[in-house]
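What follows is one structure encoded as structure tokens, with my remarks underneath.
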2 protein chains.
Amino acid sequence: MKILIVYAHPEPTSFNHALKDKAVQILQKGNNEVIVSDLYNQKFNPTANWNDFKMIDPNLPRQYSVIQRDAYLKHQLAEDIQKEQDKLRWGDVVIFQFPLWWFGLPAILKGWFDRIFAAGYAYDKEKWFSTGLLHPRKALLSVTTQSPLSAYQPDGIHGDIKQFFKPIHHTLRFVGLSPLEPFVAYAVMNIDLQERKRYLTNYQLHLDKQILQRRI
Amino acid sequence: MKILIVYAHPEPTSFNHALKDKAVQILQKGNNEVIVSDLYNQKFNPTANWNDFKMIDPNLPRQYSVIQRDAYLKHQLAEDIQKEQDKLRWGDVVIFQFPLWWFGLPAILKGWFDRIFAAGYAYDKEKWFSTGLLHPRKALLSVTTQSPLSAYQPDGIHGDIKQFFKPIHHTLRFVGLSPLEPFVAYAVMNIDLQERKRYLTNYQLHLDKQILQRRI
């Protein structure tokens, strides 16, 4: 099995980094292969812009997704986009490791979605959901939060955390990536070493159940 | 009344640009003042990173929001962050003008949230929602979509568009910005000049009702 981990955190001492390392360690066993896209380390540019295309057909309307599709089909996307697309295509599973910032993806990871999930590559006209071009790959969100679990209960101050996964999971489904059950480590800025260890153990069990035992 | 428009689109011929211009034109009347943050034009950096701080207290844990709060209180945030914070504080209303990309904010705008809504500036411990530090300001999402209105109906392929506004509105509420009714222009890549004009007229009516007539 081939696994891509897209990792979006600026700090090597973070719990996100520890979760990423744990996943690499667990998933590399057997015949599996793991690749990590470390977006901060790669200085990944999250801003979709006209320089994403080596050439722009002057006859096309100045619409990002239209030019994106044309550039993909003509192999004219910028190198950094092509590299990420190649890694994603290579994998059977993609894990997104990130802190929940403002109830969503950190900008560097949102921009990975904006630039990598190109028309023609990830989806196309009538090629979405079960016929999305990244089908039948799987995707797993591994998320840390600042607020505790109680805040993300249906009666907590933020409400059920699933509502914040909705736009992300819908995006993944649209391009044919089936979401696996997410893993959430709550309030990671305030936990002690023992709780960290417990979360790392739970993450190991989670990956084992969601990925390794499935033999995707 | 003072209005900040945060505008996130790379293309001057886009319908987003036309909506932004329409808002400036409508809202500048009377004693109102309007400022635009044109994120693409400003080459706004969306990636929250350690260079956001002129100094980092070595005694603090390497946690972005902790250092962000400390840097804000000591006036040590990067200049571009301070400028946006000043504009937001100056305004009574903020309008976010953006295309819905992957059912959420374009990365350049998500990064504006990540970097501008600093602890200490936008919220603090127990200073959130009705006591959020940006209270009693208002916020309005003005959004364009690629899919038609039918796709965003409860029984459409994406479902009710409100579910995708949820994380954004929750963020705004958290920092004390009360969301006004959003404006949505659907399928803007495929509409003709007449439909464009209709949307611009509707937007004018919307701003009149939601902002001008309220005399916020």
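Worth pointing out:
- Cβ-based exposure ranking for A:ASP21, B:ASP86, in which fewest neighbours within 10 Å come first: B:ASP86, A:ASP21
- Listed by chain and number, the lysines whose alpha-carbon sits under 17 Å from that of A:LYS54, ignoring those within fewer than 8 places in the same chain, are A:LYS74, A:LYS83.
- Other residues whose C-beta falls under 10 angstrom from the C-beta of A:SER142 contribute a net charge of +2, scoring Lys and Arg +1 and Asp and Glu -1.
- For the protein assembly as shown, the mean residue ellipticity at 222 nm estimated from helices alone is -10500 deg cm²/dmol, where every DSSP H run of n ≥ 4 contributes -39500 (n - 2.57) and the total is divided by all residues, rounded to the nearest 500.
- Whole-Å distance, taken between Cα centres, linking the range B:29-103 and the range B:143-205: 25 Å
- Fewest-first ordering of A:LYS138, B:LYS166 by other beta carbons within 10 Å of each residue's beta carbon gives B:LYS166, A:LYS138.
- Length gained on full extension, A:ILE191 to A:LYS166, computed as 0.36 nm times the residue gap minus the Cα-Cα distance: 6.3 nm.
- Modelled this way, with points 7 Å down the Cα-to-C-beta line, the labels at B:ILE157 and B:GLN42 are 3.5 nm from one another.
- Using a 7 Å Cα-to-Cβ projection, A:GLN25 label spacings across copies, nm, ascending: 6.2
- Taking 16 Å as the cut-off, the amide N atoms of the range B:69-106 that come nearer than this to a point 7 Å along the Cα-to-beta-carbon line of B:GLU11 belong to B:98-102, B:106.
- Charged side chains reduced to their Cβ positions (Lys and Arg at +1, Asp and Glu at -1) give the range B:38-186 a dipole of some 220 debye around its Cα centre.
- Net charge of Cβ neighbours under 13 Å - reference B:GLN97; Lys, Arg +1; Asp, Glu -1: -1
- Full extension of the segment from B:LYS54 to B:SER150, taken as 0.36 nm per residue of separation minus the current Cα-Cα distance, would add 29.7 nm.
- For the range A:89-102, Karplus couplings with θ = phi - 60° (6.51, -1.76, 1.60), whole Hz, Gly/Pro x: 5, 4, x, 8, 9, 10, 10, 9, 9, 7, x, 6, 9, 6
- DSSP beta bridges confined to chain A are antiparallel in about 10 percent of cases.
- Close amide-amide hydrogen proximity is noted between B:HIS9 and B:LEU39, B:TYR40, each under 5 Å apart and 5 or more residues distant or on a separate chain (H modeled in the peptide plane; Pro and chain starts excluded).
- Distance histogram in 10 Å bins (all Cα pairs of chain A, percent per bin): 8, 32, 36, 18, 5, 1, 0
- Order of A:ARG196, A:ARG115 - criterion: other Cβ atoms within 10 Å of each residue's Cβ, fewest first: A:ARG196, A:ARG115
Since every read-out is calculated from the coordinates, none of them should be taken as a lab result. Bear in mind the structure is a predicted one, so any value in this text is a computation, not a measurement. Reconstructed Cβ throughout: ideal geometry from the backbone, glycine too, with neighbour counts over all protein chains shown.
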